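One structure is given below, encoded as structure tokens.
What follows is calculated from the coordinates using simple rules that are stated; it is not laboratory data. This is a predicted model, so every value here is computed, not measured.
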Amino acid sequence: MSIKIILYCIFIPFSIWVVTATNLDKFFKKNSIMQIHCFYLVISLSLAYLLVNFLIDLYSTISLL
């Protein structure tokens, strides 16, 4: 379980960095900064969750071979 926490601590900042590099501001209304930040946070957490689960599944599959 601790390896998942370590991977989350690595991939959450990485996914935030990746998502904020995209220019999604044009899809939102003007002066909706809070909604944009919440959207970035939700997308970043979802991306980190998917990446961590993918890596854990990949490791478990490789270790079975």
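Annotations for the structure displayed:
- Under Karplus coefficients 6.51, -1.76 and 1.60, residue-wise ³J(HN,Hα) of the stretch 16-32 in Hz, glycine/proline x: 5, 4, 5, 5, 6, 6, 7, 9, 9, 5, 6, 8, 10, 5, 5, 6, 10
- Cα convex hull, the stretch 2-64: 77 Å³ per residue, rounded to a whole number.
- Extension gain for the segment L64 to F28, taken as residue separation times 0.36 nm less the Cα-Cα distance, is 8.4 nm to one decimal.
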